[in-house]
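Have a look at the structure below before the remarks.
The values are calculated or read from the model by the stated rules, or taken from the named source; none is laboratory data. Please read all numbers here as calculations on a predicted model, not as lab measurements. Neighbour counts run over all protein chains shown; Cβ positions are idealised from the backbone, glycine included. The area values use the complete protein model at the heavy-atom level, side chains included, leaving out ligands, DNA and RNA. Shrake-Rupley method; radii C 1.70, N 1.55, O 1.52, S 1.80 Å.
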Number of protein chains: 2
Amino acid sequence: MTIPHPTDAFRATRIGILGAGQLGRMLALAGYPLGLEFLFLDPAEEPCAGPLGEVIRADYLDTAALDAFCARVDVATYEFENVPVAAAEYVAQRLPLRPGTAALATGQDRLSEKQRFESLGIPVPPHAAIDTRADLDAAISRLGLPAVLKTRRMGYDGKGQAVLRSAADVDLAWARLGGNDQASNLILEAFVPFDRELSCLTVRGVGGDLAFYPVIENVHRSGILHCARPQPADPLQTLAEDYCRRVVEHFDYVGVMAFEFFVVGERLLANEIAPRVHNSGHWSIEGAECSQFENHLRAIAGLPLGSTALRGHSLMLNCIGAEPEPATVLQNPGAHLHRYGKSPKPLRKIGHVTLTAASAAELTALQAHVEPLIGN
Amino acid sequence: MTIPHPTDAFRATRIGILGAGQLGRMLALAGYPLGLEFLFLDPAEEPCAGPLGEVIRADYLDTAALDAFCARVDVATYEFENVPVAAAEYVAQRLPLRPGTAALATGQDRLSEKQRFESLGIPVPPHAAIDTRADLDAAISRLGLPAVLKTRRMGYDGKGQAVLRSAADVDLAWARLGGNDQASNLILEAFVPFDRELSCLTVRGVGGDLAFYPVIENVHRSGILHCARPQPADPLQTLAEDYCRRVVEHFDYVGVMAFEFFVVGERLLANEIAPRVHNSGHWSIEGAECSQFENHLRAIAGLPLGSTALRGHSLMLNCIGAEPEPATVLQNPGAHLHRYGKSPKPLRKIGHVTLTAASAAELTALQAHVEPLIGN
């Protein structure tokens, strides 16, 4: 796949995206200026990337739909980490799928993900595979309480997990998570008494070129990301980049990858990877020289990577469950509103606000003023 | 027209745009994050805003098409200054058209535009209305040579004008511009020995609130804008804002207006206004806190205006007639490519490149490096 030669008539490079949620929407907004066009495949009735490109509305495993999708794009990617691996493999047999299927498959299973991190020399929290109630009791004896029982697959935003603090919690959590077909697909993770949560976004090009955004400090509320703030000159930047490099080189990864860590003292413990652009990087639209969305597209289209340098100081606040009044947010200089075109529902991410300022102190003051206006 | 209340289900405010060229394309890219959706009306076969919203393909004066357009939007605007005034009036009778028809009509006639400026106390270059060859000869006697003969209407990017330096030029120019039905619609303008060309972008909200971007120094080549660079702390900023304020308040203007000036010593002479977002403001996507595109949409949608403050140093270079190789441009940190999805044609604006840097000196150095890569 090549970008058209400058003397040719204009022909857009066509990007196919599996999934058409807000990440697809923001990818398309970043990609049109590069001369890219977008085709989505998504089973949802009114996916929020819909106004930004044609959507093939179909199940991810519908091979006729996948054939139509593949016939009309030059390169494919995914914006939803739970796209069935079989669908991704079907696409990858027909055209370049970036990133590939291995990172997707690994990221979908918390156990194999941790085993992969360990094989690459990246520390992980103590954990145990849980197939039976006996496994769970043995693991609790070994790891102690508190601990977190999670489904291995399909968990996100705190779904599919339970914090175990007492013996009573164990029975309730087992009844909820263990009493179904997923029973053989749980993992118990020791509760990590972390100081901070950090993520690191890496972008890798088709030629193996690499760039890293400054690490981001994340604050979650009820298991959902609330605030993400990039940390210029964080002492853990070098270590985070080292761990990211090991993973993306292992997978011969192309595109943006997010790696989430727990910080314990001066150590980083691997939590999980997301093989896609990530909520903790949304500030980069205004706050970095080249956003995570543009950089993912540059990478998968074979273009040079963009600068990951910060532009001033910025942070992102999610809008969860309800939208703030737009005018109330927009009247604050430095506040940038991003609505996803989604109807509000409890715990649903329906937008975000990026705050920008000239100094760290001004940014903190702006956050104190704007955060109550968002109200979640 | 109101923005949906935060507790409602999501419903986009629908913006109707007359014209679907690159300005419409960039308006839509700026507007989706605000929760806006877009419907265009344009007679072109494949207008370059097409991928960003539905296009009603029709002549601007097709009333059935205008009815369909009006029925489906909440507020309308135009991105092409030669939209027929009758079409704009038809729309304005049915829903809010912002800016209104008076600024559009005035901006379409170079003579009435200059008369309006004079009535508002804004200096203009010496000029004369030309209806006959005798008018032309008399005007040359009065204004002297060199001078510029222009059609009053439908001129842009240097089209419909001729520079007169000698008597021989006069005959040729009259044969070209005077020998048709437009003969009664010419204007002779004294050649202004200007030091610089400046533009000032103003945005005015529905409540009369005003914001001004820093004035922009423009360099034209063959009558087409080549480079636009905002000038922090220019000594003529206050005067330019004063003249802009007079015009937008006169028209009770809503949206972004561009005002182009000739600088002669410490004076500003009015050249022309454009009642829309403007090529000389494209750097604002990366170079201002809130871009001209977002600010135009905020204004016409009744939202608070955004900050017009600069973010670092930036300038814009147009891509005229041919596209640079994208990778060659993108490999320079600080270079931001904007392709319009248009096929190259001689003298056609098919994209632009914004350069950003931390200091004025770094920006000038980056320009020296990137400008030859664009090659026009």
Subject >> Mean Cβ neighbour count within 10 Å, used as a protection proxy, ranking A:160-166, B:258-264 highest first >> reply: B:258-264, A:160-166
**OP:** Can you list the distances in nanometres, one decimal and ascending, from the A:ASP171 label point to the identical position in each other copy, with the point 7 Å along Cα to Cβ?
**Re:** 11.0
Original post:
Taking the alpha-carbon centroid of each part, what is the distance from the stretch B:89-103 to the stretch A:319-369 in angstrom?
Top reply: 32 Å
**OP:** Tell me the distances, shortest first, between A:THR132 and the same position across the other copies, using label points 7 Å along Cα→Cβ, in nm to one decimal.
**Re:** 11.0
**OP:** Would you work out the relative contact order for chain A, in percent, from Cα pairs under 8 angstrom that are 6 or more residues apart?
**Re:** 13 percent
Subject >> Shielding by partners - mean other protein chain Cβ count within 10 Å, residues of B:48-54 >> reply: 3
Subject >> Buried area at the A-B interface (accessible, heavy atoms, 1.4 Å probe, summed, Å²) >> reply: 3700 Å²
**OP:** With a 1.4 Å probe and every protein chain left in place, work out the accessible area per residue of the stretch A:226-287 in Å², rounded to a whole number.
**Re:** 31 Å²
Subject >> Cut-off 9 Å between beta-carbons: net charge of the residues surrounding A:SER199, Lys and Arg +1, Asp and Glu -1 >> reply: -3
Subject >> Solvent-accessible area, 1.4 Å probe, carbon plus sulfur percent, for the stretch A:133-276 >> reply: 50 percent
**OP:** Could you give the spread of the C-alpha atoms of the stretch B:71-221 along their three principal axes, from largest to smallest, in whole angstroms?
**Re:** 54, 36, 30
**OP:** Please compute the net charge surrounding B:ALA102, taking Lys and Arg as +1 and Asp and Glu as -1 over other residues with Cβ under 15 Å from its Cβ.
**Re:** -1
Original post:
Where does each of B:122-130, B:208-216 land if you order them by average Cβ count within 10 Å, highest first?
Top reply: B:208-216, B:122-130
**OP:** Answer rounded, prolate or oblate for the stretch B:16-63, using the Cα gyration tensor with square roots of eigenvalues a ≥ b ≥ c: rounded when a/c is under 1.5, else prolate when a/b is larger than b/c, else oblate.
**Re:** prolate
Original post:
How high is the relative contact order of the stretch A:212-345, in percent, with contacts defined as C-alpha pairs under 8 Å that are six or more residues apart?
Top reply: 22 percent
Original post:
Just counting partner chain Cβ atoms within 10 Å, what average do the residues of peptide A:335-341 show around their Cβ?
Top reply: 6
**OP:** Give the long-range amide H neighbours of B:PHE40: residues separated by 5 or more places, or on another chain, with amide H under 5 Å away, using H modelled in the peptide plane at 1.01 Å from N.
**Re:** B:ILE17, B:GLU54, B:VAL55, B:ILE56
**OP:** Could you tell me what percent of the DSSP beta bridges with both partners in chain A are antiparallel, to the nearest 5?
**Re:** 80 percent
Original post:
Which whole-number percent is the relative contact order of the stretch B:119-255 (Cα, under 8 Å, 6+ apart)?
Top reply: 23 percent
Original post:
Tally Lys and Arg at +1 and Asp and Glu at -1 over the other residues with C-beta under 13 Å from the C-beta of A:TYR78: what net charge comes out?
Top reply: -2
Subject >> Inter-centroid distance (Cα atoms) of the stretch A:250-307 relative to the stretch A:171-233, Å >> reply: 13 Å
Subject >> Set of lysines with alpha-carbon distance to A:LYS345 below 20 Å, sequence-local pairs under 8 removed >> reply: A:LYS159
**OP:** Kindly identify the protein assembly as shown as rounded, prolate or oblate by the Cα gyration tensor criterion: order the square roots of the eigenvalues as a ≥ b ≥ c, call it rounded if a/c is under 1.5, otherwise compare a/b with b/c, prolate if a/b is larger, else oblate.
**Re:** prolate
Original post:
Given H placed on each backbone N at 1.01 Å, which residues far from A:VAL75 in sequence or on other chains put an amide H within less than 5 Å of it?
Top reply: A:ARG14, A:GLY16
Subject >> Accessible area per residue in Å² at 1.4 Å probe, computed on the stretch B:2-88 >> reply: 34 Å²
**OP:** Would you pull out the residues with amide H under 5 Å of B:CYS319's amide H, same chain only if 5 or more places away, H placed 1.01 Å from N?
**Re:** B:ILE350, B:GLY351, B:HIS352, B:VAL353
Subject >> Hz values of 3J(HN,Hα) by residue in the stretch B:335-348 - Karplus curve (6.51, -1.76, 1.60), Gly and Pro given as x >> reply: 9, 10, 8, 10, 9, 9, x, 10, 6, x, 9, x, 6, 8
**OP:** Determine the shielding of peptide B:301-312 by partner chains: average, over its residues, the number of Cβ atoms on other chains within 10 angstrom of each Cβ.
**Re:** 4
Original post:
Given the rule -39500 (n - 2.57) for each run of at least 4 DSSP H residues, summed and divided by the residues of chain A, what is its mean residue ellipticity at 222 nm, to the nearest 500 deg cm²/dmol?
Top reply: -8000 deg cm²/dmol
Subject >> Listed residue pairs exceeding 31 Å between alpha carbons, taken from B:LYS114/B:LYS342; A:LYS114/A:LYS342; A:LYS114/A:LYS349; A:LYS349/B:LYS342; B:LYS114/B:LYS349; A:LYS342/B:LYS349 >> reply: B:LYS114/B:LYS342; A:LYS114/A:LYS342; A:LYS349/B:LYS342; A:LYS342/B:LYS349
Original post:
Along Cα→Cβ at 7 Å, what distances in nm separate the B:PRO193 label point from those on the other copies, shortest first?
Top reply: 8.2
